[in-house]
Amino acid sequence: MSRKEKRKAMKKMKRKQTRKELALKEQELINMEQEEAKRSVSVRIMFEERERAWTEAMEIRKQKRIEHEEEERRNKALEDEELSRKQQIKNANDDGEDDWEYVEEGPAEIIWKENEVLVKKKRVKVPKRNKDQQSIKEDSDRPTSNPLPPQSEAFDDYKNASLSAQQLIETVAEQVPHFGTEQDKDHCTFHLKTGACRFGQHCSRVHFYPDKSCTLLIKNMYNGPGLTWKQDEGLEVC
Ligand SMILES: [Zn+2]
């Protein structure tokens, strides 16, 4: 091999070497870049994870705070309720036994017990104030008469009459010879004696109504078995 050829070969080798080195450097650079990219990706992922964890933690804390507040509010409401209930009980006790009492009310319940008859009345708790009001209403001078119902025809007669019922009867008794006897066909003897007549308003004879009466007659109050058996003999009150 000549010197020239030798140099040529040397140069070629050098170029080859340089190329090789260049390629190596390039590869290294690429590797570095790749690594850098990987690192940045992992850093980003780490950051994102940290961020997510923080957000979640904040969310949980917020939730807990809301729950806590909710519970406090509930407890407060319960306490208030309890307090008002206690206050109510206290109030009820305060005026309870003084202002309330038991009174018998309604129809009596009749209980047959072997040879005994028990009469039991329903007891009702009423405020005493009501009783006071009632006793005020029922004054001792209240009328005890059984006045005529305003809608009855007899009431109009009574209102227009100048004489009182007693005076009217006395006057009529003086004028009519057989007043109040079987021979008196104009005046209802039965009504005169008992104050009641089965024919009532439709009686063909005159009924005298008293101004006052110590007996209170209430129509259809008595509904005993005797009335249902013999209906046409039932006493009609007028
Ligand atoms: Zn009659």
> Around residue 197, which amide H atoms from residues at least 5 apart in sequence, or from another chain, sit under 5 Å from its own amide H, with H modelled in the peptide plane?
Replying inline: 238
>> In the range 1-70, if the dipole is taken from +1 on Lys/Arg beta carbons and -1 on Asp/Glu beta carbons about the Cα centre, which of 60, 40, 10 is farthest to the positive end?
In response: 10
>> If R₀ is 45 angstrom, what is the calculated FRET efficiency for the pair residue 6 and residue 41, using the beta carbon separation as r and rounding to 0.05?
In response: 0.30
> Once both labels are modelled 7 Å past Cα along the beta-carbon direction, what's the residue 173-residue 221 spacing in nm?
Replying inline: 2.6 nm
>> Need one word for the range 1-70: rounded, prolate or oblate. Basis is the Cα gyration tensor (sqrt eigenvalues a ≥ b ≥ c); a/c below 1.5 gives rounded, then a/b vs b/c decides.
In response: prolate
> Non-local amide H neighbours of residue 206 (under 5 Å, H modeled in plane, Pro and chain starts lacking H): which ones?
Replying inline: 187, 188
> In nm, what is the difference between 0.36 nm times the number of residues separating residue 202 and residue 55 and their Cα-Cα distance?
Replying inline: 43.0 nm
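Every number here is computed from the coordinates shown, using simple stated rules; none is lab data. Here the structure is a predicted model, which means the values were calculated and not measured. As a convention, Cβ positions derive from the backbone with ideal geometry for all residues, glycine included, and neighbour counts pool all protein chains shown.
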